[in-house]
């Protein structure tokens, strides 16, 4: 889903104008970025949590030349999905259809 699609859906669901929905989404992303830069952990109930992690310097290989190169230490963003999200992602395909489909009603035959 792209940002434009998210804005359109948010606008529709919240019954607000697209400009307002875009501003809310932009501010939310900005707040998440600012918190991560500060080293804070962000937890969104029902979705998961974002945190920063430190990666050590290491030696890599240039795939084109095969030459060794140094990869410097850096920080990265880590996302851990909430249990509910993991559960929903891993429901077997047949179980999803069965859960959504209501049982068929049996029609009574007239005599």
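Computed from the coordinates by the stated procedures, all read-outs in this text should not be read as laboratory data. Only a predicted model underlies this, so the values are computations on that prediction, with no experimental measurement involved.
Starting from the Kirkwood radius over alpha-carbon pairs of the range 1-40, derive D by Stokes-Einstein at 20 °C in a medium of 1.002 mPa s and give it in µm² s⁻¹.
201
Please compute the length gained on full extension between residue 23 and residue 61, using 0.36 nm multiplied by the number of residues separating them and subtracting their Cα-Cα distance.
Numbers: separation 38, 0.36 × 38 = 13.68 nm, distance 4.26 nm.
Taking residue 23 through residue 61 to full extension adds about 9.4 nm, to one decimal.
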